[in-house]
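The values are calculated or read from the model by the stated rules, or taken from the named source; none is laboratory data. Here the structure is a predicted model, which means the values were calculated and not measured. Virtual Cβ from ideal backbone geometry, glycine too; neighbours counted across all protein chains shown. Side chains are part of the model used for accessible areas, which takes the heavy atoms of the whole protein and leaves out ligands, DNA and RNA. Shrake-Rupley method; radii C 1.70, N 1.55, O 1.52, S 1.80 Å.
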2 protein chains.
Amino acid sequence: MDIASSPKETANRKTSGIIDTDVHQSPKSKKDLLPYLPKVWHEQFLTGGIGLSNFYPTPIGVSRKDATPEGDGAAGSDPQFMIEHHLEAYGIEYAILTGGIETALALHPDVDYGNAVIRAYNDYMIENWLPVDPRFKGSIAVNVSDPAEAVKEIQRVGGHPDVVQIIVCSGVKTPYGNRIYHPIYEAAERFGLPFAIHPGSEGKLYPPTPVGYPTRYMEWHNIIPLTFMAHVNSMVCEGVFEKFPGLKFVGIEGGVAWLPHLMWRMDKNYKALRSQTPWLKMLPSEYIKQNVRLTTQPIEEPERPEELVQIFRMIDAEKTVLFSSDYPHWDFDNPKVVLPSMPREMKARILGGTAAELYGLTLRSEQSGGNG
Amino acid sequence: MDIASSPKETANRKTSGIIDTDVHQSPKSKKDLLPYLPKVWHEQFLTGGIGLSNFYPTPIGVSRKDATPEGDGAAGSDPQFMIEHHLEAYGIEYAILTGGIETALALHPDVDYGNAVIRAYNDYMIENWLPVDPRFKGSIAVNVSDPAEAVKEIQRVGGHPDVVQIIVCSGVKTPYGNRIYHPIYEAAERFGLPFAIHPGSEGKLYPPTPVGYPTRYMEWHNIIPLTFMAHVNSMVCEGVFEKFPGLKFVGIEGGVAWLPHLMWRMDKNYKALRSQTPWLKMLPSEYIKQNVRLTTQPIEEPERPEELVQIFRMIDAEKTVLFSSDYPHWDFDNPKVVLPSMPREMKARILGGTAAELYGLTLRSEQSGGNG
C-alpha cells in the first residue's frame, strides 16, 4: 500500500478544543496484521512479535517434531517417552540431564525471583526425573548472580547421589574467571561436581559479539562459541584451576574445533606476558587439558572427516571431549552416525569413557571387564 | 598503613558554620603516590594512571626497544631507519603500511573530528612515506562511523598509485556485514582496494568479549580473535561477498587457526538454516576462501609445528594467508624463522605470492621468470 504524501502542518490556525497527542491503538490480534505483511515473516511475527524479548527466534522450532510425547506435554517433558525414544533407541547408558533455560534466570535483575524459580526447577527434577530410572543423572542449576545463594543451593541439593553436575548459563555479565564466582567453585570442588555452562542467553545482557548484534538466528548461532572461548580464557588466566585444581569446567554445546587456536595463542602470549599471571605454574594449554571438557554437539563436520580427527589429536580429545546429543532439540547429533573416521579407541573414550570418569559412573563394559 | 576506626557521627549537636561536602584534593604528581603503592604496580600507574582511558596497557611497551630511530622520533616514524632496520635486514620486497591507531578515530562520537584527523593521517602518509621508496605501499584509513564521508575519502585518495588498501579498526559498534557499511564496499570494490581490519580498539565501546571485561592485557590480547570471527561471520551471512564479489576482506593480526572451526560451523548451520539467507549461493566456507584473507602475525605456534600445517591445509592457506611482521611492535614475527615445517610451496605463497596478487604487486622472482 503506497499513499501519496501532502503537507499536514498549517501555520496561524486559530482553534480551541482538546488534542490528545498520545493514544495507543492496537490490532485485535496479531493475525490482523498478516494481510499487510509478506508471508515469509508470518511465522516469526506470530511466535516472536515485535521481537524485543527474543531477537533470534529459530526459524524451524527449538525441538525435533518427533520428540513431543502423546498427550499435552512438551518435547523432553516425559521421562518414560524419553527412555524409549532416546535412551533405548540409541543404547545410551547414562543421560546427563541439563534441563531447559532455567539457568538464564541468573540474568533476572530480581535475584530473589531467580533463586526461587531455580530452586523449584531443581526440586522438580530431583522429585520427578532422578527416581524414574538409574540412567538419569541430574545437573542442578544455580544463580551465578547471587554467589552466596548459589553456594547454599549446592549445599542443599548437591549431595544428592544422582546429582552429578552444576549447570549455569553462558551469556553472563562477567567472565567466569572473575573472583566473584570463586565461592561457587570452592563448593563445586568440595562436592565433586563439574561446573558446566550452556548457551542460549547470548545477547540478552550485552551484544552477543564484541562488535554488536548479529542479524538472524543463523548468524547468532554461528558465533555462540565466542562466549565459550572468553570463559575458558578468563578461567585459566585468573588462576581458577590453580586455586581449585579439582574443579572441572564443562563447555556444553559451544563447539570444539576452536580449542587448538585458543590454546596456542594463550601459550604464546603466556611466554611473553606471564609477569601478569604469576599464579600460573603451567602453560595455559596444560590447565585446559587437565580441567576443561567440551561436549560434541553440534559437532563440526568438515567435508574431509579426517580433518576433525587431526583437530581432536591436537587437543587430546580422548581426555577432553564428551559425547552429547542435545536431545530433543532441532540440531540433535545422532550417536550412531556422529564422528565418522574417528579411531575406535578415541571414539569409545568420547562416547562414554571420559564422561564415566568425570561423573563417577560405571559403564556396563567395565562391569563385565570389557574394553569400553 | 592500617588505622583503627572510631564512630564519626554524633547525634543532636548544635552548631553553626559552613561545611563544604565536596572539595577535591590531589597529590602534586602521580609519583607522590608511589611510596604507598606496591612496586609491581608502579609502571602501570605511571603510564596508565587510574586507567579509564586504557584498561589494558601492555606491561612490556607497545614497540620493540631496538626499533626507535636515533634522535627524537618514535618507533616506526623514520622511513629510512625502517628501510635499513626492517626491509633490508629481512629482504622484504614490499611493506604494506598499516599506520598506528588512527583507525580508532571511528569510535569518536564527534565524526567531524574523526574525519579531519583521519584525512590528515592519510595525507601525511601519502606525502611523507609513499614517495620515499617504491617498496612502501599504503593503507588509507576511513571513518566507518560516517560511511558517506568514508566513500568521499576513498574517492579523494584511493586512486593514488601506491595506495593498495583501506584499513579500519576492528572494535566497532556494529558488525561489518551490516548494510550501513555497504556504500564503503561499493567504493572499495570499484577502486580495487581490499578492506582490512586491525585490532587495538576492542573494549573501548563494548566489553571486548560477549560476556564482559577480561582483566589484564594478556587476557585481553588472547581473545582479540573473537572480534575477527564475528566480522567474518557477519560479512558472509549478510551477503556482502555476493553483492560485492570483487571485494577482498583482510583480517590483520587477528589469528588464523580459528578459521576451520568457523567455516565448518557456518557450513553446518547453513545446511539447516539457509532459508534465513536466501541470497547466499555457495557454502559460507566458499565465500571465505574466495574473499577473506588473514595475516599471520602473531602466528599460532603449536609445540608440534606440523599441526599448524594441518590447519593451514584445512583453509587452503596458500590462497588465504598473508605474511605480516607487525613491525615495530613488541610481538613482531621474524620472517626468517616464522612458519617452521611449512612446505616450501605453501610458504612461498604466504610470504609473498598471495599478497602480490591481492595488492597487484610484482615480485622480483616473477620479473626474472623464477618460481616465488
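Residues of region B:310-323 being more than 8 Å from chain A (Cβ to nearest Cβ) and either open to solvent by less than 10 Å² (accessible area, probe 1.4 Å) or in contact with a strand residue (DSSP E or B) (Cβ under 8 Å, 6 or more places away or on another chain) (or both), which ones?
Answer for region B:310-323, where residues must be more than 8 Å from chain A (Cβ to nearest Cβ) and either open to solvent by less than 10 Å² (accessible area, probe 1.4 Å) or in contact with a strand residue (DSSP E or B) (Cβ under 8 Å, 6 or more places away or on another chain) (or both): B:Phe312, B:Ile315, B:Ala317, B:Thr320, B:Val321, B:Leu322, B:Phe323.
With respect to A:Phe55, is the statement that it is in contact with a helix residue (DSSP H, G or I) (Cβ under 8 Å, 6 or more places away or on another chain) and either exposed (fewer than 14 other Cβ atoms within 10 Å of the Cβ) or outside any strand (DSSP E or B) (or both) true?
yes
Considering region B:22-52 alone, what residues qualify as being at pLDDT below 85 and in a loop (DSSP other than H, G, I, E, B)?
If the condition is that a residue be at pLDDT below 85 and in a loop (DSSP other than H, G, I, E, B), then B:Gly49, B:Ile50, B:Gly51, B:Leu52 are the ones that fit.
Please go through region A:170-200 and give me each residue that is within 14 Å of another protein chain (Cβ to nearest Cβ) and assigned to a helix (DSSP H, G or I), ordered by number.
If the condition is that a residue be within 14 Å of another protein chain (Cβ to nearest Cβ) and assigned to a helix (DSSP H, G or I), then A:Arg179, A:Ile180, A:Tyr181, A:His182 are the ones that fit.
Sort out which residues of region B:65-99 are modelled with pLDDT under 90 and either open to solvent by 30 Å² or more (accessible area, probe 1.4 Å) or within 11 Å of B:Ala141 (Cβ to Cβ) (or both), and write them in order of number.
B:Lys65, B:Glu70, B:Gly71, B:Asp72
Sort through A:Gly239, A:Gly203, A:Gly251, A:Gly246 and tell me the only one that's touching a residue at least 12 places away in the same chain (Cβ under 8 Å), more than 10 Å from chain B (Cβ to nearest Cβ), out of contact with any His (no Cβ under 9 Å at 6 or more places or on another chain) and closer than 17 Å to A:Pro175 by Cα.
Only one candidate qualifies: A:Gly239.
Out of the residues in region B:110-124 that are touching a residue at least 24 places away in the same chain (Cβ under 8 Å) and farther than 17 Å from B:Gln155 by Cβ, state the one that is surrounded by the most Cβ atoms within 10 Å (Cβ to Cβ).
That would be B:Gly114.
If I filter region B:272-288 down to residues being assigned to a helix (DSSP H, G or I) and of a type in the set (A, V, I, L, M), which single residue comes out as modelled with the highest pLDDT?
Result: B:Ile288.
Determine which single condition B:Val132 fails, assuming it passes every other condition in (1) open to solvent by 20 Å² or more (accessible area, probe 1.4 Å); (2) assigned to a helix (DSSP H, G or I).
(2)
Being in contact with an Asp or Glu (Cβ under 8 Å, 6 or more places away or on another chain) and part of a loop (DSSP other than H, G, I, E, B) is the filter here, so list the residues in region A:72-84 that pass it.
Passing the criteria: none in range.
I need a count of the residues in region A:215-228 that are within 7 Å of another protein chain (Cβ to nearest Cβ), open to solvent by 10 Å² or more (accessible area, probe 1.4 Å) and either under 24 Å from B:Lys204 (Cβ atoms) or assigned to a helix (DSSP H, G or I) (or both).
2
Taking the condition modelled with pLDDT of 95 or more, within 16 Å of A:Ser324 (Cα to Cα) and either in a helix (DSSP H, G or I) or more than 10 Å from chain B (Cβ to nearest Cβ) (or both), does A:Arg265 pass?
No; evaluated as a whole, the condition is false for this residue.
In region A:264-273, is there at least one residue being among the hydroxyl-bearing types (Ser, Thr, Tyr), out of contact with any strand residue (DSSP E or B) (no Cβ under 6 Å at 6 or more places or on another chain) and open to solvent by 10 Å² or more (accessible area, probe 1.4 Å)?
yes
Of all residues in region A:288-309, which are acidic (Asp, Glu) and open to solvent by less than 10 Å² (accessible area, probe 1.4 Å)?
Result: A:Glu300, single match.
So is A:Ala257 of a type in the set (A, V, I, L, M, F, W, C), within 12 Å of chain B (Cβ to nearest Cβ), open to solvent by less than 10 Å² (accessible area, probe 1.4 Å) and not in a helix (DSSP H, G or I) or not?
yes
Would it be correct to say that B:Tyr206 is outside any strand (DSSP E or B) and buried (at least 24 other Cβ atoms within 10 Å of the Cβ)?
Answer is no for this residue.
Just one of (1) more than 30 Å from A:Pro27 (Cα to Cα); (2) open to solvent by 40 Å² or more (accessible area, probe 1.4 Å) trips up A:Ile50, so point out which.
(1)
Go through (1) within 14 Å of chain B (Cβ to nearest Cβ); (2) open to solvent by 20 Å² or more (accessible area, probe 1.4 Å); (3) among the small types (Gly, Ala, Ser) one by one and return the number of the condition A:Ser285 breaks.
(2)
Yes/no matrix, rows are residues, columns are (1) touching an Asp or Glu at 6+ places or on another chain (Cβ under 8 Å); (2) in a loop (DSSP other than H, G, I, E, B); (3) more than 11 Å from chain A (Cβ to nearest Cβ); (4) polar (S, T, N, Q):
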{"position": "B:Gln290", "(1), (2), (3), (4)": "no, no, yes, yes"}
{"position": "B:Arg293", "(1), (2), (3), (4)": "no, no, yes, no"}
{"position": "B:Pro298", "(1), (2), (3), (4)": "yes, yes, no, no"}
{"position": "B:Glu301", "(1), (2), (3), (4)": "yes, yes, no, no"}
{"position": "B:Glu307", "(1), (2), (3), (4)": "no, no, no, no"}
{"position": "B:Asp333", "(1), (2), (3), (4)": "yes, yes, no, no"}
{"position": "B:Lys336", "(1), (2), (3), (4)": "no, yes, yes, no"}
{"position": "B:Glu345", "(1), (2), (3), (4)": "yes, no, yes, no"}
{"position": "B:Ile350", "(1), (2), (3), (4)": "yes, no, yes, no"}
